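The values are calculated or read from the model by the stated rules, or taken from the named source; none is laboratory data. These numbers were taken from a predicted model, which means no experiment stands behind them. Neighbour counts run over all protein chains shown; Cβ positions are idealised from the backbone, glycine included. The protein model used for the area step is the full one, side chains on, heavy atoms only, and it has no ligands, DNA or RNA in it. Shrake-Rupley method; radii C 1.70, N 1.55, O 1.52, S 1.80 Å.
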Amino acid sequence: MRSTTKIVLVALAAGALGVVASLTMNGPGPLLGTEAGQRVLQEAYKATAPEPPAGVVVAGRGDAIPAFTVPGLDGKPVDVSTAWTGRPVLINVWASWCGPCIEEMPELQRFHAKQDPNGVQVVGIALDDAEAVRDFLQRVPVDYPILVDDAGPADAGVRLGNPKGVLPYSVLVSADGVLLKQRIGPFAHGEIDAWATH
């Protein structure tokens, strides 16, 4: 019994050293690309985030996303919780001034373009000025819906489980409105396909 405990402790220590070595050599990128790494990061951010304003519901994994509206580029309000009911939705929160956001947009467009009418709906929510977003989309066009929200303690990203406001931030919402996955940071080429279908 004692030798088994010793073996388990040595194995755990070796695993922890492996994680530390990997982070030291490669940075957090590879770890953050995993679901486990994203969950750890989410918990760390949640523990250090300010409390949301009274009445603001912040969704977590397994929760129905709260009802809230965000205007489209045409100014018309869109109810994010119901606009795409019946389809899974990948919501990407971004800004035109965010370098990693800009780098991942072609990947989001590529993924969106290969979806059939019942596939995953990609939606972008820019925490930005509407005019800046329009100008940006002239240079980097996408044909999935883009909504625009004011950044702040009750913005769309916060309501979708990102209380620290780190960008880019993406969530996968089930066809019946439940938040399934969260991702802090940009997608590398090809990552969205596996992430959004499992």
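See the values below:
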| read-out | value |
| --- | --- |
| Length released on extending from residue 189 to residue 110, taking residue separation times 0.36 nm less the Cα-Cα span | 27.5 nm |
| Solvent exposure of the range 123-184 as accessible area per residue, Å², 1.4 Å probe | 37 Å² |
| Antiparallel bridge percentage (DSSP; both residues within the range 44-170; nearest 5) | 40 percent |
| Whole-Å semi-axes of the range 123-198's equivalent ellipsoid (Cα gyration tensor) | 21, 17, 12 |
| Within-10-Å neighbourhood charge of residue 80 [Cβ basis; K, R +1; D, E -1] | -1 |
| Ordering of 71-78, 92-99 by packing [mean C-beta count within 10 Å, highest first] | 92-99, 71-78 |
| Computed label-point distance, nm, for sites residue 180 and residue 43 using a 7 Å Cα→Cβ extension | 2.3 nm |
| Distance between modelled label sites at residue 166 and residue 97, nm, 7 Å Cα→Cβ extension | 2.0 nm |
